[in-house]
Amino acid sequence: MTLFFTQWGAELRKMLSRKRTFIGFGAFLLLEAVLLYVFKRDGSANFFRRIISRQGEAFESYFSALTLGFLIVASAVFILGGIYITLVAGDVVAKESEDGNLRLLLARPISRVRLLVLKFLSCLVYSWILIQFIAWSALGLGVLLQGWGGGLFVFAPDQGVLEFYNAADGLYRYALASVALSLSMSLAACVAFFFSCWRIKPSAATITALSYLLIDMIVKRGKFMESYKHLLMTSYMESWVYLYAERIPWAILLRNYSILAGVGLTLFVLGVLVFESRDLKS
């Protein structure tokens, strides 16, 4: 077991040594700064002022750092997070195959399955770290702009969530939802990893995975697909928002995340089968 963790650590260091691994962190800091500026402009602030006032609450109390953090994460994390997660996960096997490094790696006494397990776990770790960075850096920038204090206002019409929380409860819900969001975005890593196991270019694996996720999201937003919503993975990936509901639907969350876990595990197994069938010598 010690050897496994040693190999996993080496795989993580290899991933962190690539410059593209950190592009997502810088891009999100820039995006968060832009969105915070936009949300603070009079036009955007007035929009939220009307919504909060209609519920009989004080705008000054709920347009806070927590609210800004939620708005930034909800508006940007799926598209940009999906881009950078698929960029890294789509690269993890395909790039080494393209460079010929896999022949050298498999010359050592390590099975293909063990190698893929190490790479797959590294992709999940990266996905988790990126999403946590996005969530807490958004909150941090909100604190710098608004200061700490005030409650959390959550407005997510697609999930039917409109709630107000005080600072303590809001921070708890925010932390809980960030964990669930990391689990949701792990599916993007699973999809990209699956395509990375094929004999294709790293860019093709990334683009194919991202295209699938975007098509799934676009189709889900079309009302004509309401009857087939249960077949679209982005419907389950958005389950993290339910953790902001006053009464958290734990049964629905358990079902949805079980489906996501099953799909992710299936993609990993299929990726292993594809990779096992490849001739890496030629």
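The values are calculated or read from the model by the stated rules, or taken from the named source; none is laboratory data. It should be emphasised that the depicted structure is a prediction, and the values quoted were computed from it without experimental measurement. Note: ideal-geometry Cβ built from the backbone for every residue, glycine included; neighbour counts use all protein chains shown. These area figures cover heavy atoms from the full protein model, side chains too; ligands, DNA and RNA do not enter into them. Shrake-Rupley method; radii C 1.70, N 1.55, O 1.52, S 1.80 Å.
Assorted remarks:
- Using a simple spin-label model with pseudo-atoms 7 Å out from Cα toward Cβ, residue 161 and residue 214 lie 2.6 nm apart.
- The residues of the chain present an accessible area of 49 Å² per residue when probed at 1.4 Å with all protein chains retained.
- Only the Cβ atoms of Lys and Arg (+1) and of Asp and Glu (-1) were treated as charged; on that basis the dipole of the chain about its Cα centre amounts to roughly 760 debye.
- For residue 64, distant residues with modelled amide H under 5 Å away: 153
- Between residue 145 and residue 250, the FRET efficiency from the beta-carbon distance, with R0 = 35 Å, is close to 0.55.
- Listed residue pairs exceeding 24 Å between alpha carbons, taken from 14/201; 14/95; 95/220: 95/220
- Cβ-Cβ FRET estimate between residue 229 and residue 269, R0 fixed at 22 Å, reported to 0.05: 0.30
- Percent of C-alpha pairs per 5 Å bin, the chain, short to long: 1, 5, 12, 15, 16, 15, 12, 9, 6, 4, 2, 1, 0, 0
- Restricting the stretch 77-162 to chymotrypsin sites (Phe, Trp or Tyr not before Pro) in coil, as DSSP defines it, with at most 16 other Cβ within 10 Å: 148
- Here, the stretch 199-282 is characterised by an Rg to Rh ratio of 1.09, where Rg is the alpha-carbon radius of gyration and Rh the Kirkwood radius.
- Global form of the stretch 121-174, assessed from the alpha-carbon gyration tensor, a/c cut-off 1.5: oblate
- In this simple spin-label model, placing a label point 7 Å from the Cα along the Cα-to-Cβ direction at both residue 22 and residue 61 gives a separation of 4.4 nm.
- Computed FRET value (nearest 0.05) for residue 50 with residue 110, which takes r as the C-beta separation and R₀ as 45 Å: 0.15
- Remark on the stretch 1-65: hydrodynamic radius 15.6 angstrom, per the Kirkwood mean of 1/r across alpha carbon pairs.
- For the chain, the fraction of 1.4 Å probe accessible surface lying on carbon and sulfur atoms is 65 percent.
- Direction-averaged projected area, Cα convex hull, the stretch 124-282: 11.4 nm², rounded to one decimal.
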